[in-house]
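First up is the structure itself, then whatever we jot down about it.
What follows draws every value from the coordinates through simple rules; no lab data is involved. Quantities reported herein were computed from a predicted structural model and do not represent experimental measurements.
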């Protein structure tokens, strides 16, 4: 027995824990990289963008520059040398040169091997002498770093690779992360950032160790971090977050204010709409020729300088979040209604997504969302069938109970009908014999014996009224009440009812006053309305104090005939009003306990009046009396079936 109670009590809790644990283990051993990458991109797009650093300025070797100079990208070395010599005049903070000098050499080898390479090196040396760092950004292929051709290879250089998510993450070639170390050597962006801090005589950024959000990737023997995009970028739509100056404009010194370049970090690179290698995909778009790599380099460097990289939360935290989400959904669906289950699941998804966006934006935290979100929907669709089975089982039990209650109700009705019907005859016989005995032997009986016979007659009358009430109730509940409408003056029915209570009124010394306005005859079931009026008068007499008055009124009230019975008895409390017309209800107090009754009178009164299309109203004040009003329509409908409220005594 104890085991059964324990299992029933903890079955749902155990199901929630086991279900959430099982789903968490399954989901955490699956990779949803494509989904996760898209969720990451949504956070990048819809988060509040950090303000791009005004110190970073881009010098673009673009199509306009090659057209003006009548050359091909990436231009012969002499143009690059002249650019550096021009930049010396502006005193920049640092220069990052992200131009493939091997392609420059291939374009014009003679120029490369001439005095221009020497002048280029001399210009770089002068810049360094002034405390201006200069670093080449070099490409990387299967052989490793592709250094600039000699003699430029003697200058500072680091690998400048734009990482594209391939077989490690999402396989969609989108740039989301950047290298910080490759084969334990800092790459271009980190080297440039550290050189800037060193030149400023500040503590080198990250103490030459790991930037915020760095993680090791064993497959590539590298360290990487997810950098921030400081704004959406569409180069050809002029959506550029960083100040951009044309390569040719600097050479020609046209409209170049010193403030644009002085004290700035200059990134120099190629942007050619004819060369797809100058562009990459970003979370904002996978369209070609939209996002130049030069701008991506700027965002990577900006993230390092501002130390605002994205931190991926530990895997154990993802386990906890996934378990919590699945457990919440399973528990809510099991314990709540289906509609609340749907809304709670949707609310959890919305709240979870907003929380992820908030943490990503303000704290730079990336919580993997794919497993929790998949867990939410999978747990919902797995637990709903279980919930439906429970609901079906519960409904089946209710249906069986309902069928059983209907049978019990029918048996009860049939039993009451048979018993009361069979009781009527012996009760009437007892009453008749007592009346005959009293009439024929009254002269020979003592007063005490006459009183006993009178009590027998009164008791049989009371029992007969109770039997009649039960019979009426069985007719009501079985739907065998049918109105027999006939035209009748309501005042005549009232007067006849008053006459039947003369002896009772006389014994309690109660006076009945009437104020009956002349009325037209209306259609009514005389028998039922007589029972209603008799019941109201009987109640007024029972609950009135001896010597008090009862006032019975009738009047025409619009389309209604109003009949009221006013007494000055004990009254009815507000708590009793709610159950006044309930079947078998009787107020429980010292006065009512001494008054006989079945608790069916007012229930039948309400039913009979509503059967005529009328209504019953009550106005009562405790210890000052009650006024019952019945309203009968002047033209009652032919057939009205009032609602029968059956109380469930077996619940």
- Note on the structure: Bounding extents of the stretch 503-569 in its principal axis frame from Cα atoms, largest first in Å, are 36, 22, 17
- Query: Relative contact order for the chain: what is it in percent, counting Cα pairs under 8 Å that are at least 6 residues apart?
  - Reply: 12 percent
- Across every pair of different alpha-carbon atoms, what Kirkwood hydrodynamic radius in Å does the stretch 481-633 reach? 15.8 Å
- To the nearest 10 degrees, the tilt of helix 33-46 (Cα long axis) against the first principal axis of the alpha carbons of the chain is 90 degrees
- Query: Which values of log₁₀ I(q)/I(0), to two decimal places, follow from the Debye formula for the stretch 88-134 at q = 0.19, 0.30, 0.32 Å⁻¹ with a uniform point scatterer at every Cα?
  - Reply: -0.69, -1.06, -1.11
- Remind me, what semi-axes does the stretch 1-148 give for its equivalent ellipsoid, largest first in whole Å, using sqrt of 5 times each Cα gyration tensor eigenvalue? 62, 19, 16
- Give the relative contact order (percent, whole number) for the stretch 481-633; include only Cα pairs under 8 Å separated by 6+ residues. 24 percent
- Compute the long axis of helix 338-362 from its Cα atoms, compare it with the longest principal axis of the Cα atoms of the chain, and write down the angle in degrees, 0 to 90, nearest 10. 30 degrees
- Please express the shape of the stretch 9-51 as an equivalent ellipsoid: the semi-axes are the square roots of 5 times the eigenvalues of the C-alpha gyration tensor, given largest first in whole angstrom. 35, 15, 6
- Query: Against the longest alpha carbon principal axis of the chain, how many degrees, from 0 to 90 and to the nearest 10, is the axis of helix 447-477 turned?
  - Reply: 40 degrees
